[in-house]
Amino acid sequence: MSLLKNKVAIITGASRGIGRAMALRFAGEGASVAFTDIKRDENMISLESELLAMGVQAKGYESDASSFQHCEATVNEIISDFGQVDALINNAGITRDNLLLRMTEQDWDLVMNINLKSVFNMTKQVVRPMMKARAGSIVNISSVVGVFGNAGQGNYSASKAGIIGFTKSMAKEFGSRNIRCNAIAPGFIATAMTDKLTEETKATFLANIPLNRLGSGDDVANAAVFLSSDLSTYISGQVLSVCGALNT
Ligand code: NAP
């Protein structure tokens, strides 16, 4: 299939997990893929090779999404390497879960900077080229807990709720320039991030998922392809839950 042929996509935090699934899925639809991650490790190198073997232009960039300067330099480099940017997927994210009484200021700031400030950092860099092109799609990876909250995830759920507010604002600010901005709210997706949870927490989540399974990176990637493609040209400012009906 070629839903993303001739499009250049930037995906942050993509060396593993959901971001990696998105990079591979985007390449499968013919997109050129520029992806970032905090370090250039074996995951980044292997993803770069896999993408190139699929016959698309691809490159991994070592870049801290929470750093405004890194994002500015990285997007400039990507535009110089790829010539354009059609889609930005703000995916980089972390958890530092704790009940509020035990949560440190450092863990609050870290989660806010990596999960939420990163979305500002990267969006700020791509809107100018997208405005010039009078087209673009920005997809922000939020979470179902950004919609309904979760005990022990005050920092994480606040960052993910912040992403939703930012998404809706950008949809209104840039709609007249044909730049769309949507959020995806994944539920419980099997990655290293959710591996860390206790078996008890996983079982509780699973018991509440009507589709009766954890989601996969591909489940989220399919939604991101749709929102980045011309199949969704009249969809902006929305939050698409990919959660097996958990958030229903
Ligand atoms: P993951 O497996 O932990 O992968 C996250 C990726 O982001 C890693 O490659 C990580 O690099 C990278 N990263 C971390 N900090 C970064 C930074 N400052 N700059 C650039 N890259 C950075 O997580 P995931 O489960 O795929 O999650 C991806 C996104 O989906 C996150 O925004 C997460 O909040 C969201 N989400 C996940 C779930 C779920 O159930 N898994 C549910 C809802 C939402 P390292 O390898 O170096 O750590």
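If the condition is being surrounded by 13 or more Cβ atoms within 10 Å (Cβ to Cβ) and away from the ligand (no atom under 16 Å from the Cβ), then segment 182-227 contributes only PHE226.
The set of residues in segment 1-34 that are touching a Ser or Thr at 6+ places or on another chain (Cβ under 9 Å) and in a strand (DSSP E or B) comprises VAL8, ALA9, ILE10, ILE11, ALA34. Taken over segment 57-86, the criterion of being in contact with a strand residue (DSSP E or B) (Cβ under 8 Å, 6 or more places away or on another chain), hydrophobic (A, V, I, L, M, F, W, C) and either within 16 Å of the ligand (Cβ to nearest atom) or without any contact (Cβ under 8 Å) to a residue 40 or more places away in the chain (or both) is satisfied by ALA58, ALA65, VAL75, ILE78.
For every residue, the table says whether it meets (1) farther than 22 Å from GLU72 by Cα; (2) of a type outside the set (Lys, Arg).
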| position | (1), (2) |
| --- | --- |
| LYS5 | yes, no |
| MET22 | yes, yes |
| GLY28 | yes, yes |
| ALA34 | no, yes |
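Report whether or not GLU48 is over 22 Å from ILE189 (Cβ atoms), buried (at least 18 other Cβ atoms within 10 Å of the Cβ), among the acidic types (Asp, Glu) and over 15 Å from the mean Cα position of the chain (by Cα). So GLU48 passes the test. THR123 fulfils the conditions (1) closer than 30 Å to LYS5 by Cα; (2) more than 15 Å from the chain's Cα centre (by Cα) except for a single criterion, (2).
Selection of segment 232-248 for residues being in contact (Cβ under 8 Å) with a residue 12 or more places away in the chain and under 20 Å from MET170 (Cα atoms) yields SER232, THR233, ILE235, SER236, GLY237, GLN238, VAL239, LEU240, SER241.
The set of residues in segment 228-248 that are farther than 22 Å from ALA87 by Cβ and within 12 Å of the ligand (Cβ to nearest atom) comprises CYS243, GLY244, LEU246, ASN247. Counted as qualifying within segment 72-166 are the helices (runs of 4 or more DSSP H) with 2 or more residues that are at negative phi, polar (S, T, N, Q) and buried (at least 19 other Cβ atoms within 10 Å of the Cβ), namely 118-133.
Every number in this text was worked out from the coordinates using simple rules, so none of it is lab data. Every value quoted in this text rests on a predicted model; they were computed, and no experiment measured them. Reconstructed Cβ throughout: ideal geometry from the backbone, glycine too, with neighbour counts over all protein chains shown.
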